[in-house]
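A.B. asks: The structure that follows is given in the form of structure tokens.
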Amino acid sequence: IHGFVALRGAETTLTSVPDAKITVYGCGIEASGTEAKGTVLMKNADDLKGYNKTEEIKMEEIIKSIADTGTKVIVSGGTVSEMAMHFIERYNMMCIKIGSKFELRRLCSAINASALVRLGPATPDEMGHSDSVKVEEIGGRPVTIFRQSSSTQNGCKLATIVLRASTTNVLADLERAVDDGVHACKQVCRDGRLVPGAGATEMELAVQIKNFADSCPGLDQYAIRAFAKSLELVPKILAENAGLDASHVLAGLSAAHANGNASAGVDVEGGLDGTSGNTSGILMDNPILDIMSTKASAFALAIDAALTILKVDQIIMSKPARGG
């Protein structure tokens, strides 16, 4: 959806406004309390009747001044008093409460508005605009959609993806998948370097580190070979998860990389039934790519974890207490 989706309905009876001018408040829409404490002495019924009258007059004055700016939708970041809601209804405006500051900032970005910290009319620069504000029901849940038409776009640089699923667990998985995809695109924009995926990078590194170990004399070569063997775990797990013979796939991958095919990886989709043209479980022409910066970060974290375990700086021992 080109625009913003708030996960709650409207507070007013008006639930749909086309071509809406919107005023956003970061504070609540209610009469502010006095800083000093005071006692009111009422002597008769007229005093009691007139007690709230001034508050009503002031609140109506504020809501009328907001309506006079052409505002059709009011968004509040706090509570909306019953008196304020009464006058909002009277002046035929729509009111929505958004408690989250994060969502309020996103809404301001979508409608190009500024969140006001004072209760009063907004200037034309502070007000936002949406082509349509409407309360709709998605999966039994009321949501308010601030739509911007893709033709005019109104300076809106924000879009919302609405996900639906049968259970909460599936929905959480979908959300994580979208989140990962968006962050992957963001990372590629920062650093566009890519490396072969499907375990090809780890296998190539393992082969090259093994070759380096062969040229090292002494005990160091055993540590280097162990490091190379640990990198083979990625293609091995990929093969096992795909239901392939891991040892067979690893042997074939090792031979392919030794022969100079640096991009050969594990074929998790066509390895069993031969839909990719081979049943060996190995992708010779590997189309899968991984982001280099993500791969480098994973290696750095894994190596740091291994070094922390190996480099024991302190030993804590439990001994029985001394004494008779």
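A.B. asks: With θ set to phi - 60° and the Karplus curve 6.51 cos²θ - 1.76 cosθ + 1.60, what are the ³J(HN,Hα) couplings of segment 177-189 in order, to the nearest whole Hz, using x for Gly and Pro?
C.D. replies: 5, 5, 4, 4, x, 5, 5, 5, 4, 4, 5, 5, 5
A.B. asks: Another question about this same structure. Of the listed values [x] 26.1; [y] 27.8; [z] 21.2, grab the one calculated as Kirkwood radius over Cα pairs in Å from the structure here.
C.D. replies: Recomputing Kirkwood radius over Cα pairs in Å here picks out [x].
A.B. asks: Name the residues whose placed amide hydrogens come within less than 5 Å of the amide hydrogen of residue 97, ignoring near sequence neighbours (fewer than 5 apart) on the same chain.
C.D. replies: Those qualifying (amide H under 5 Å, at least 5 residues apart or on another chain) are 11, 76.
A.B. asks: Using alpha carbons only, what's the Rg to Rh ratio of segment 1-134 with Rh from Kirkwood?
C.D. replies: Numbers: Rg = 16.4 Å, Rh = 15.8 Å.
Value, to two decimals: 1.04.
A.B. asks: Using 0.36 nm times the number of residues separating residue 219 and residue 123, minus their current alpha carbon distance, what extension gain do you get?
C.D. replies: Difference between extended and current length: 27.0 nm.
A.B. asks: For segment 192-235, treating each Cα as an identical point scatterer without solvent, what Debye log10 I(q)/I(0) comes out at q = 0.27 1/Å?
C.D. replies: For segment 192-235, the Cα-only Debye profile gives -0.86.
A.B. asks: Right, here's the next one. Tell me which aspartates and glutamates have Cα within less than 19 Å of residue 97's Cα, excluding those fewer than 8 residues away on the same chain?
C.D. replies: Filter leaves 11, 30, 82, 89, 126, 136, 137.
A.B. asks: What figure, in Å² to the nearest 10, do you get for the accessible area of residue 195 with a 1.4 Å probe and non-protein molecules left out?
C.D. replies: We get 30 Å² for residue 195.
A.B. asks: Set the bar at 27 Å for Cα to Cα. Now go through 49/134; 21/157; 21/58 and name every pair that lies beyond it.
C.D. replies: 49/134
A.B. asks: Sticking with this one: Amide H to amide H, which residues 5 or more places from residue 163 or on other chains are under 5 Å from it, using H placed in the peptide plane?
C.D. replies: none
A.B. asks: Heavy-atom accessible area per residue, the chain, 1.4 Å probe: how many Å²?
C.D. replies: Accessible surface, normalised per residue, equals 63 Å².
A.B. asks: Given R₀ = 51 Å, what would the calculated FRET efficiency be for residue 296 paired with residue 136, taking r from the Cβ atoms and rounding to 0.05?
C.D. replies: Calculated value: 0.70.
A.B. asks: Please give the per residue volume of the convex hull enclosing the alpha carbon atoms of segment 104-153, rounded to a whole number of Å³.
C.D. replies: Cα-based convex hull of segment 104-153, divided per residue, equals 108 Å³.
A.B. asks: Determine the calculated [θ] at 222 nm for the chain from helices alone, applying -39500 (n - 2.57) to every DSSP H run no shorter than 4 residues and normalising by the residue count; nearest 500 deg cm²/dmol.
C.D. replies: So the calculated ellipticity at 222 nm is -13000 deg cm²/dmol.
A.B. asks: Once amide H atoms are placed 1.01 Å from N in the peptide plane, what residues at a sequence separation of 5 or more from residue 194, or on another chain, have their amide H within under 5 Å of its amide H?
C.D. replies: It is 292, by chain and number.
A.B. asks: Three principal axis extents, largest first, for the C-alpha atoms of segment 54-206, in Å?
C.D. replies: Result, largest extent first: 80, 36, 29 Å.
A.B. asks: Sort 160, 13, 71 from largest to smallest accessible area, using a 1.4 Å probe on the heavy atoms of the protein chains. Display every interim value, and only then the final one.
C.D. replies: Details: 160 25, 13 115, 71 5 Å².
The ordering from most to least exposed comes out as 13, 160, 71.
A.B. asks: Follow-up. Can you tell me the FRET efficiency between residue 62 and residue 162 if r is taken as the Cβ-Cβ distance and R0 is 35 Å, rounded to the nearest 0.05?
C.D. replies: 0.50
A.B. asks: If you don't mind, another one. On a 1.4 Å probe surface of the protein chains, which of 212, 4 comes out largest in accessible area, and what is the full order? It would help to have the intermediate numbers written out before the result.
C.D. replies: On the way: 212 115, 4 5 Å².
Per-residue accessible area, sorted high to low, gives 212, 4.
A.B. asks: Starting from the residue with the highest accessible area, list 56, 137 in decreasing order, probe 1.4 Å.
C.D. replies: Numbers: 56 70, 137 140 Å².
Most to least solvent-accessible, the answer reads 137, 56.
A.B. asks: For segment 5-16, in order, what is each residue's ³J(HN,Hα) by Karplus, 6.51 cos²θ - 1.76 cosθ + 1.60 with θ = phi - 60°, in whole Hz (x at glycine and Pro)?
C.D. replies: Using θ = phi - 60°, the values come out as 10, 8, 7, 7, x, 7, 8, 9, 6, 6, 10, 8 Hz.
A.B. asks: Stretch residue 173-residue 48 to full length: gain in nm at 0.36 nm per residue minus the Cα-Cα span?
C.D. replies: Full-extension gain reported as 39.2 nm.
A.B. asks: Output wanted: per-residue J couplings in Hz (rounded whole) for segment 54-61, from phi through Karplus 6.51 cos²θ - 1.76 cosθ + 1.60, θ = phi - 60°, x for Gly and Pro.
C.D. replies: After applying 6.51 cos²θ - 1.76 cosθ + 1.60, I find 5, 5, 5, 4, 5, 5, 5, 4 Hz.
A.B. asks: Right, next: Would you mind pulling out the separation of the Cα centroids of segment 156-229 and segment 105-134, in Å?
C.D. replies: If you average the Cα positions of each part, the centres end up 41 Å apart.
A.B. asks: Note down the accessible area of residue 307, probe 1.4 Å, to the nearest 10 Å².
C.D. replies: The accessible area of residue 307 comes to roughly 90 Å².
A.B. asks: At a 10 angstrom cut-off on C-beta neighbours, averaged per residue, how do the peptides 105-116, 283-294 rank from highest to lowest?
C.D. replies: Most protected by this proxy first, the peptides run 105-116, 283-294.
A.B. asks: Moving on. Calculated FRET efficiency, residue 7 and residue 185, Cβ-Cβ r, R0 25 Å, to nearest 0.05?
C.D. replies: 0.55
A.B. asks: May I pose another question? Could you check the spin-label model distance between residue 226 and residue 240? Points 7 Å from the Cα along Cα→Cβ, value in nm.
C.D. replies: Modelled inter-label distance: 2.0 nm.
A.B. asks: Suppose a student asked you for the relative contact order of the chain, using Cα pairs under 8 Å spaced at least 6 residues apart; what percent would you report?
C.D. replies: For the chain, the relative contact order is 18 percent.
The values are calculated or read from the model by the stated rules, or taken from the named source; none is laboratory data. Note that the structure is a prediction, hence the values are computed from the model and not measured. Glycine also receives a Cβ, built like all others from the backbone with ideal geometry; neighbour counts cover every protein chain displayed. The protein model used for the area step is the full one, side chains on, heavy atoms only, and it has no ligands, DNA or RNA in it. Shrake-Rupley method; radii C 1.70, N 1.55, O 1.52, S 1.80 Å.
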